[in-house]
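Everything on this sheet refers to the single structure shown next.
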Amino acid sequence: MLRISAETPKAPKGARKGRGHDAPLSPLLRVPSGGRVDLGALHPGATPAGPTDKAAGVAATAQMAEQLASLQERLYAASTAGDRRRVLLVLQGMDTSGKGGTVKHVIGLFNPSGCRIKAFKAPTPEEQNHPFLWRIMKALPQPGEIGIFDRSHYEDVLIARVRDLVPRSQLGRRYAQINRFEKSLADDGVTVVKVFLHISYEEQRKRLLERLDNPDKHWKFNPGDIEERAAWPAYQQAYELALERCSTDAAPWYVVPSDRKWYRNWAISKLLLEHLEGIAPQYPAAGFDLAECRARLLKT
């Protein structure tokens, strides 16, 4: 069972001061395949393996920018030689959990021309006439790209479950459909990084109040968010089921404590860095005669 306590683990003995967050983060936040998830036992304000405070977290995130940009360029360059690999970051979480903030602060570290960002809203009439994965497949990243889903196909086992939008028998089959779909993506070279942004009930209230109190954020407030808070326990249960049933070896889930925005940004940047390093994309070799091209160019 995944456990995230309120206390940040201490750096191993002998580690350099302030560098304990160099240790791999993925194993700490990953939901084990077939594991049980109790969101009530996972502390939304925890900072597992993270920097010591906000200032250190912001600095550490900025320090990853060059590495992330370099890996992204290599991934895109490799695609020009036929490499089909790409990355898909799936962001899920309750309202105000920071999906948009992640896109702004984390994806902003990449070259936007190599990113494909899609925010999924309520299905359109056309989308409702197709299987629920139809609109997802249309938005997938191309080889060499980094795709970001702000909400995703998981809405069809989350809000659909909480609001009884489909029969439970159909809902149950969707978990298996999702697992097969994500396995097919992995087989086709897509590294799927699924992140649940875990915030507390109290933190959501605070963030909603900030939107009400700031005229510049009124556009972000929806009165329906208050009604949705009444369904908080049902949403937590729906998320627990999705995390348990759809965290697989091909596409595991990661639970990122998100009450602290700076930790959220650092953790997701770190997860992306670790996965891109795992892909280890390389610049392709030249497919032409370097010496001959150089000689021709010097004559111009």
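The values are calculated or read from the model by the stated rules, or taken from the named source; none is laboratory data. Predicted model, so just to flag it, every value in this text is computed and none were measured. As a convention, Cβ positions derive from the backbone with ideal geometry for all residues, glycine included, and neighbour counts pool all protein chains shown. What goes into the accessible areas is simple: the full protein's heavy atoms, side chains included, and nothing from ligands, DNA or RNA. Shrake-Rupley method; radii C 1.70, N 1.55, O 1.52, S 1.80 Å.
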>> Tell me which DSSP H helices of the chain clear both cut-offs, 24 Å or more of axial length from alpha-carbon atoms and a mean Kyte-Doolittle hydropathy of at least 0.0.
In response: 54-79
> Between Gln67 and Lys104, what length in nm is gained on full extension when 0.36 nm per residue of separation is reduced by their alpha carbon distance?
Replying inline: 11.5 nm
> If you take the charge dipole of the chain about its Cα centre, with +1 on Lys and Arg Cβ and -1 on Asp and Glu Cβ, which of Ala41, Asn179, His130 is farthest toward its positive end?
Replying inline: Ala41
> Over the chain, what percent of the accessible surface lies on carbon and sulfur atoms, probe 1.4 Å?
Replying inline: 53 percent
> Looking at the range 78-121, which trypsin sites (Lys or Arg not before Pro) are DSSP coil and have at most 14 other C-beta atoms within 10 Å of their C-beta?
Replying inline: Arg84, Lys121
> Given H placed 1.01 Å from N in the peptide plane, which residues other than close sequence neighbours of Ala119 have an amide H under 5 Å from its amide H?
Replying inline: Asp150
> Extension gain Arg296-Arg180, at 0.36 nm per residue separation less the Cα-Cα distance, in nm?
Replying inline: 36.6 nm
> Based on Cβ point charges of +1 for Lys and Arg and -1 for Asp and Glu, what charge dipole magnitude is obtained for the chain about its Cα centre, in debye rounded to the nearest 20?
Replying inline: 320 debye
> Applying 1/(1 + (r/R0)^6) with R0 = 35 Å to the Cβ-Cβ distance of Met137 and Ala280, what FRET efficiency is obtained, to the nearest 0.05?
Replying inline: 0.80
> With +1 on each Lys and Arg Cβ and -1 on each Asp and Glu Cβ, how big is the dipole of the range 37-195 about its Cα centre, in debye rounded to the nearest 20?
Replying inline: 320 debye
